[in-house]
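Notes follow once the structure below has been shown.
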Amino acid sequence: MSSARSDRRDPPRWPERIIKGLAWAEDRPSIIENLREEYAYLLLAKGPRTADLWVWSHALRSVGPCLAYRSYWRFVMFVNNLKLVLRGINRHKGYAAINIAGLAVGLASFILISLWIGYETSYDRFHENRAGLYQCVTEQRLPNGERSRFVNTPGALTPFLKAERPEILNATRSVEWMDFLLGTTDKRFIENIRFVDPDFLKMFSVEFTEGCAETALSRPHSIVLTQELAKKHFPEGEAVGRELAFGLDGSLLVTGVIKSFPPNSSLRSLSLVPLAALEDLGWDNDEWQSGNYQTFVHLKEKTDLEAFQAQILGVYERNAPNWESSALTLRPITQIHLHDLDGGGPILYVAVFSGLAILILLLAMVNTTNLATARSFLRAKEIGVRKAAGAFKRQLTRQILMESVLMALFSGCLAVPLASALVPVLNRWTGARIGFAFDVKTALFVAGVVVLTGVASGLYPAFVLSSMNPVRAIKGSVKPGKNSLLLRKILLAFQFSLSIFMIVAMIGVNRQLKYLNAKELGYNRSQIVTMDLDAEISGCYEILQTEMARNPQILSMTRSSSNFERPNTTTGGADVTWEGNASGIEMPRVHLMRADPEFAETFQVEMAEGRFFSNAFPNDLAESAVINETAARTMGLDAPVGKRLSIWDRPFRIIGVIKDFHFYSLREEIQPLIFVHRYAGFQRIFIRIGPRNVPETLEFIRNAIGKVVPGYVPSLRFLDDNLRTIYQSEKRMETAAKYFTLLAILISCVGLLGMTSFSTKQRTREIAIRKVIGASEGRIIVQLLRETLISVAAANIVAYPLAYLALRTWLQSYAYHATLGIGMFVLASLSALALAILSGGGHILKASLANPVDSLHYE
Amino acid sequence: MKGISKAEEMVLLAVWRLGDEANGVTIRRQILKSAGKNYTYGTLYGLLRQMDRKGYLRRAKAEPLPKRGGRAKSYFKITPSGTRALKEAIELHQLVWKNIDALSLGKP
């Protein structure tokens, strides 16, 4: 019984599967059959255990030889296909050149954009503790229900969190002082200083070349310099142990030298000083009032972030009396660079450019597909013969795919050096500092992209070619079917709609940039020289004033708390009250600016009502306020002059209304602004100079400052240059849009060139017959151009609404923006049309001028 | 003049010896018996395919098995050029080993 049952037993399945998977297709049934026969025999003779064991060991031992055999033949076929591809390239040099060049350019730009995206997303990832590092973000609820998020926190937060929350491993405050006068006694420079707690060095990866992280910041009057700063201040050598003058009469001991922060670091500063040094300047670091500090925390591993956030949410409410409308939240430090607190930031550009990279690669792939499909009808005979000789459909598909992969590989070989040559250019546009190191990761990525591109662009031609009917193919009666012609038209239209889209986008971005840089700001921005102001110059400002008054080319000079690039001190809500506010309005956000009486004259801003501050009224300093028109409107005051106003419970009297002017970026609308002589320190000096002898005037200013503060080297800049830096990201976007548009057009045109060359060749006899019958050259040109023109027309219809929507969305992020005219669309279409006719025209002209006798000789 | 490898020689010899009976199982067993080599089918069919290509062997199908869906078993037959190749292999063998006996290998 038992032997009868085991007699019917089938061999285990897995060994059979292994062999099925590996053996040469034709041998498969025989091998399985043989295995079963032996298995049945063993089962009878030795029993099921031995039989199973034998099948298993046999299958496993077969793996090696089977694989070796298969890969040998794969290799043989590969070499064969390679030969075919090379012959094909040799025979159709023009076609291959167009194909490879287009794809290489597409791949190179894809690689470049990927590098840039990799760089942008690598920000702050070099810190070993990156996973646990967070920045504290204050979220303030404004009276109008909006939320304002900022990184300022009170100084007392850090010691409080460290003491109260066990999840925190380390925490540090950070105060970045952009313009601090620092130097040895004989030479001083304005430097950027970061004041931090000693924990800073435990949290962030800072590499010391001299000194050590444990002790460098432990004494209050120490300073850690980067190598470049050490060299600047101590060019003669050794910096550690030397002293730098600090503030009015203090000094800091250099205790360490560190490597510069990498360029992809959002905390970039040239020197670190213990926060305790700020006490010299009269700061109280442990109070809950002012928000001068940024706070960073390092959480212990496996901290439940959500629970922790819930715990700290109400920290302000419980501890800081004047922060009660705010909540405390955290964000990972790796997000600092990419995500702005208001929701925008480089992440938008990363998204836009990822899309662009893919589109450009797609354009190049469309070219390859289009050309290969068109060419496929020229090689119909080859395919027919292959089929007749017994080639499987799968083998043909594989061969054609391999051809396109090889093409992609050739392009890749061109694209990589091209991309690496263009990296410096990319760095110049984007301001990034990308190094093109061709390491394993990059190599694998590039290889993957190249192979994928090859496969994707070869799929359709492979499908078309391999499913050709061999009999008709050999007879030469295969004509491109309706489907493939339609596909070709659609792809062409796609390419051109993308080109038109990009041209429109480029014009739009360019217009907006011009608009931003040329818009009337409400003040005269030209001929104003600006420089940073710090404690030392503040101390002798009056002397500087008399010094400056000697030169008639210096028309006016003022100090201001605003630098016209970033927002000012702001307040709002219940902190601002005013007389005549019957309906109980609350102002959500008010900017406070401090300025000298000369401000209105220097900036040439006009008054709408009343007067600006004046030296003739000494009381102005203590009790007068000037508001802008928007503030007057928001406050609901018809006659503001003379009204009382109180800010943080301190009374002022409104003496004038200044006409609205843009006091920072045009991305936002003009907001309420109040000038008072409080709450903000002077940051900048602005000097209006006359139009004549500008270099001499600048030299005079430098000398005057050097005379007043010996050893001081001011960095003078023109205000309009400074303002341009506000729109740096727009400028970059414009540059990128320009070049990518060019690229897209180039790729599309190259594709069109190849296409017309093929389609005219295919229609040689048709054209000749038309001519013989009596068609004029003009008619034939029109006939041939029609296909292209229809595609371009269709492309317009697709591109217009998309471009319009995209541009409008982008422009709407600006409170002030250029208008979209129909002109730019027409211009885009016309240029696309012109390019299409130019790139296709050569072949068409040649075809239409050809002598029909020669053409009909063909074959 | 293509020579054949030792393994090919063994397979060819087995096919020749088995005559009409040469299928995968019998060839494998023959080689195991006469040369003590335990080939897997993976290796064996690779060799068979190679010699088919060189023209030393020919595949033949037997009558389908007399049951439903019965497959035709495939057999291998040696071709005249296969027999010639075997003869050449033997000649080569003898040529190479000529005079080796005279060196009295057996005696220490």
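Quick look at the values:
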| quantity | calculated |
| --- | --- |
| Number of positions in the stretch A:628-686 that are in a strand (DSSP E or B) and over 30 Å from A:Glu536 (Cα atoms) | 11 |
| Selected residue [in contact with a Cys (Cβ under 6 Å, 6 or more places away or on another chain) and closer than 28 Å to A:Leu533 by Cβ] from A:Thr153, A:Thr184 | A:Thr153 |
| Every pair of residues 6+ apart whose Cβ atoms lie under 6 Å, when the first sits in the stretch A:43-65 and is farther than 12 Å from A:Glu16 by Cα while the second is surrounded by fewer than 17 Cβ atoms within 10 Å (Cβ to Cβ) | A:Leu43/A:Ser6; A:Pro48/A:Ser6 |
| Sole exception among (1) in contact (Cβ under 8 Å) with a residue 60 or more places away in the chain; (2) crowded, with 17+ Cβ neighbours inside 10 Å for A:Arg644, by number | (2) |
| Among the candidates B:Gly55, B:Gly82, B:Gly36, residue that is away from chain A (no Cβ under 11 Å), surrounded by fewer than 10 Cβ atoms within 10 Å (Cβ to Cβ), under 18 Å from the mean Cα position of the chain (by Cα) and at pLDDT 85 or above | B:Gly36 |
| Test for A:Arg125: is it surrounded by fewer than 18 Cβ atoms within 10 Å (Cβ to Cβ), over 30 Å from A:Glu536 (Cβ atoms) and not assigned by TED's automatic domain parsing to the domain that holds A:Val254 | yes |
| Selected residue (criterion: farthest from A:Arg394 (Cα to Cα)) from residues of the stretch A:16-30 that are facing chain B (nearest Cβ under 7 Å) and out of contact with any Gly (no Cβ under 8 Å at 6 or more places or on another chain) | A:Pro29 |
| Failed criterion for A:Lys162 (all others in (1) out of contact with any Leu (no Cβ under 7 Å at 6 or more places or on another chain); (2) on the phi > 0 side of the Ramachandran plot hold) | (2) |
| Residue in the stretch A:520-527 that is out of contact with any Asp or Glu (no Cβ under 7 Å at 6 or more places or on another chain) and charged (D, E, K, R) present | yes |
| Qualifying residues in the stretch A:45-103 (those that are of a type in the set (Gly, Ala, Ser) and more than 30 Å from A:Pro15 (Cβ to Cβ)) - the one nearest to the other protein chains (Cβ to nearest Cβ) | A:Gly88 |
| Selection status of A:Thr215, assigned to a loop (DSSP other than H, G, I, E, B) and surrounded by fewer than 17 Cβ atoms within 10 Å (Cβ to Cβ) | yes |
| Counted residues, the stretch A:138-160 - those being touching a residue at least 60 places away in the same chain (Cβ under 8 Å), more than 12 Å from A:Val315 (Cα to Cα) and not charged (D, E, K, R) | 10 |
| Segments classed as strands (runs of 3 or more DSSP E), wholly inside the stretch A:238-321, with at least 3 members that are crowded, with 21+ Cβ neighbours inside 10 Å | A:250-258, A:271-274, A:294-299 |
| Close pairs (9 angstrom Cβ cut-off, 6 or more residues apart or separate chains): part of a loop (DSSP other than H, G, I, E, B) in the stretch A:836-859, surrounded by 20 or more Cβ atoms within 10 Å (Cβ to Cβ) anywhere | A:Ala850/A:Ile767; A:Ala850/A:Ala768; A:Ala850/A:Lys771; A:Asn851/A:Ala768; A:Asn851/A:Lys771; A:Tyr858/A:Ala768 |
| Where A:Phe825 falls short, out of the listed (1) under 23 Å from the mean Cα position of the chain (by Cα); (2) at pLDDT 85 or above; (3) of a type outside the set (Lys, Arg); (4) crowded, with 18+ Cβ neighbours inside 10 Å | (1) |
| Residues being assigned to a loop (DSSP other than H, G, I, E, B) and either free of Cβ contacts under 8 Å to residues at least 12 places away in the same chain or within 45 Å of the chain's Cα centre (by Cα) (or both) - total across the stretch A:593-616 | 10 |
| Whichever residue in the stretch A:604-618 is touching a Gly at 6+ places or on another chain (Cβ under 7 Å) and not acidic (Asp, Glu) and, among such residues, is surrounded by the fewest Cβ atoms within 10 Å (Cβ to Cβ) | A:Met607 |
| Some residue of the stretch A:405-420 being closer than 23 Å to A:Tyr349 by Cα and free of Cβ contacts under 8 Å to residues at least 60 places away in the same chain | yes |
| Matching option when the condition is out of contact with any Cys (no Cβ under 9 Å at 6 or more places or on another chain), surrounded by fewer than 18 Cβ atoms within 10 Å (Cβ to Cβ), at pLDDT 85 or above and in the same structural domain as A:Ile674 (by TED's automatic domain parsing), among A:Glu586, A:Glu601, A:Glu565 | A:Glu601 |
| Only one of A:Ala632, A:Ala680 that is assigned by TED's automatic domain parsing to the domain that holds A:Thr571, touching a residue at least 12 places away in the same chain (Cβ under 8 Å) and over 18 Å from A:Arg566 (Cα atoms) | A:Ala632 |
| Yes/no for A:Pro198 being in contact (Cβ under 8 Å) with a residue 60 or more places away in the chain and assigned to a loop (DSSP other than H, G, I, E, B) | yes |
| Residue within the stretch B:45-52 that is surrounded by 13 or more Cβ atoms within 10 Å (Cβ to Cβ), modelled with pLDDT of 85 or more, within 14 Å of chain A (Cβ to nearest Cβ) and in contact with a strand residue (DSSP E or B) (Cβ under 6 Å, 6 or more places away or on another chain) present | yes |
| Test: residue in the stretch A:322-343 that is within 18 Å of the chain's Cα centre (by Cα), of a type outside the set (Val, Ile, Thr), closer than 26 Å to A:Ala213 by Cα and not in a helix (DSSP H, G or I) | yes |
| Residue match in the stretch A:742-764 (condition: touching a Phe, Trp or Tyr at 6+ places or on another chain (Cβ under 9 Å), in contact (Cβ under 8 Å) with a residue 24 or more places away in the chain and aromatic (Phe, Trp, Tyr)) | yes |
| Condition check for A:Val76: β-branched (Val, Ile, Thr), farther than 30 Å from A:Val425 by Cβ and outside the structural domain of A:Ala736 (by TED's automatic domain parsing) | yes |
| Test for B:Ile4: is it of a type in the set (A, V, I, L, M), outside any helix (DSSP H, G or I), more than 12 Å from chain A (Cβ to nearest Cβ) and under 19 Å from B:Lys77 (Cα atoms) | yes |
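Conditions (1) out of contact with any Asp or Glu (no Cβ under 6 Å at 6 or more places or on another chain); (2) not basic (Lys, Arg), marked per residue:
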| residue | (1), (2) |
| --- | --- |
| A:Phe599 | yes, yes |
| A:Ala608 | no, yes |
| A:Asp638 | yes, yes |
| A:Lys659 | no, no |
| A:Phe663 | yes, yes |
| A:Gly681 | yes, yes |
| A:Pro691 | yes, yes |
| A:Phe700 | yes, yes |
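The values are calculated or read from the model by the stated rules, or taken from the named source; none is laboratory data. Predicted model, so just to flag it, every value in this text is computed and none were measured. Note: ideal-geometry Cβ built from the backbone for every residue, glycine included; neighbour counts use all protein chains shown.
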